[in-house]
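Encoded as structure tokens, the structure appears first; notes follow it.
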Amino acid sequence: MVGVPITYEAVVDGIRVGVSRAKGVALAPEDITDSTPLWSADELGQPCLALDSLDVLELIVFLEDEYGWDLPESSIDAYDCKSVGDLATMVIEHMRGKP
């Protein structure tokens, strides 16, 4: 799937598939939306992905291998990148050459 257009929806879909593989569970599209927290939930009872550093590494490797996206692990910052949507935006900006 190398050469997949860099759209917000494509990145969110890629993140969804990558997280499913990293976590080893099947996740439906409604299980991971752009507002789903990556690390921890801000509100009690809010679902989150609870990614750890190994999950993040697996996600990055998946996105690079599957989609041909070049994304340095150091670019994913837990303070700036709190949700799937934040990560998708960061990936798009990185791929378009924005700092």
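The values are calculated or read from the model by the stated rules, or taken from the named source; none is laboratory data. Nothing here was measured: the structure is a model prediction, and the numbers come from that model. All Cβ positions, even for glycine, are placed from backbone atoms using ideal geometry, and neighbour counts span all protein chains on display.
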Within segment 4-49, how many residues turn out to be touching a helix residue (DSSP H, G or I) at 6+ places or on another chain (Cβ under 8 Å), under 20 Å from His94 (Cβ atoms) and modelled with pLDDT under 85?
2
Which members of segment 55-88 meet the condition of being assigned to a helix (DSSP H, G or I), surrounded by fewer than 17 Cβ atoms within 10 Å (Cβ to Cβ) and in contact (Cβ under 8 Å) with a residue 24 or more places away in the chain?
Glu66
